[in-house]
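> Provided herewith is a single structure, encoded as structure tokens, for subsequent inquiry.
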Amino acid sequence: MSIKIIYALLHVVAAVIWVGGMFFAYTCLRPVAVLLLEPPQRLTLWANTFARFFPFVWIAIIILPLSGYLLMFAIWGGFSGAPVYVHIMNALGMAMIFIFLHVYFAPYQRLRRAVASQTWQEGGKQLQTIRRMIAVNLTMGLLVVITASGGRYFS
């Protein structure tokens, strides 16, 4: 098996876990949680869900750039030889990583503290911030998937 195949498989699996997790959380879990749970239970659910999901995102944000750059150098010899769609994926992916880092170190930490201290209004405010940022990241993640899937056909 070629090392490029291993890089590509790692890259795709990490992207599926991250983008798929955001899609599920945003489009499936969120509407049901709003419908069925009062703020204390809903905020506790989200704080605990993020606590389980974010370690996978940390792994993904290590694997994705590493495997992506290894692929870029193995296939095209680096940035200068890579087609435009690869540069688009790289730019969107880096933006997604920076958004995640902000979510993790700012509103998510404040959400955790709000849930621990049972300050539900503050927790709701932080969850709203996280929701908006996940919407942006999910949109960019889907654009990356579209670019990765179809970009080579337009180059």
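Any read-out appearing in this document is the output of simple, stated calculations on the displayed coordinates, not a laboratory observation. Here the structure is a predicted model, which is why all the values come from computation and not from measurement. With ideal geometry, Cβ positions are generated from the backbone for all residues, glycine too; neighbour counts draw on all protein chains shown.
> Using r as the Cβ-Cβ distance of S117 and Y26, and R0 as 41 Å, what FRET efficiency do you calculate, to the nearest 0.05? Can you show the working numbers first?
Details: r = 26 Å, r/R0 = 0.64.
So, using R0 = 41 Å, E works out to roughly 0.95.
> Follow-up. So what's the stretch 3-154 giving for Cα Rg divided by 2.2 N^0.38 Å, two decimals? Before the final figure, lay out each step's value.
Values: Rg = 17.3 Å, N = 152, 2.2 N^0.38 = 14.8 Å.
The value comes to 1.17.
> For the stretch 17-37 and the stretch 61-129, what is the separation of their Cα centres, given in Å?
18
> Comparing R110, R131, R52, which has the greatest mean-square fluctuation in the GNM of the chain with Cα pairs linked when under 10 Å apart?
It is R52.
> In addition: Hey, what D do you get for the stretch 1-85 in µm²/s if you plug the Kirkwood alpha-carbon radius into Stokes-Einstein at 37 °C and 0.692 mPa s?
219
> Which Cα, out of W46, V136, V13, lies furthest along the positive dipole direction of the chain (beta carbon charges, K/R +1, D/E -1)?
Ranked along the dipole, the leading option is W46.
> Note down the magnitude of the dipole of the stretch 3-154 about its Cα centre, charges +1 on Lys and Arg C-beta and -1 on Asp and Glu C-beta and zero elsewhere, to the nearest 20 debye.
Numbers: 11 positive and 2 negative charges, 38 e Å.
In debye, rounded to 20, the stretch 3-154 gives about 180.
> What value, in deg cm²/dmol to 500, does the helix sum -39500 (n - 2.57) over DSSP H runs of n ≥ 4 give at 222 nm once divided by the residues of the chain?
Working: 6 runs with 135 residues, N = 155.
So the calculated ellipticity at 222 nm is -30500 deg cm²/dmol.
> At R0 = 30 Å, how high is the FRET efficiency between Q128 and F79 if r is their beta carbon distance? Nearest 0.05 is fine.
0.20
> How charged is the neighbourhood of I75? Take every other residue with its Cβ under 13 Å from the Cβ of I75, and add Lys/Arg as +1 and Asp/Glu as -1.
Local charge sum for I75: +2.
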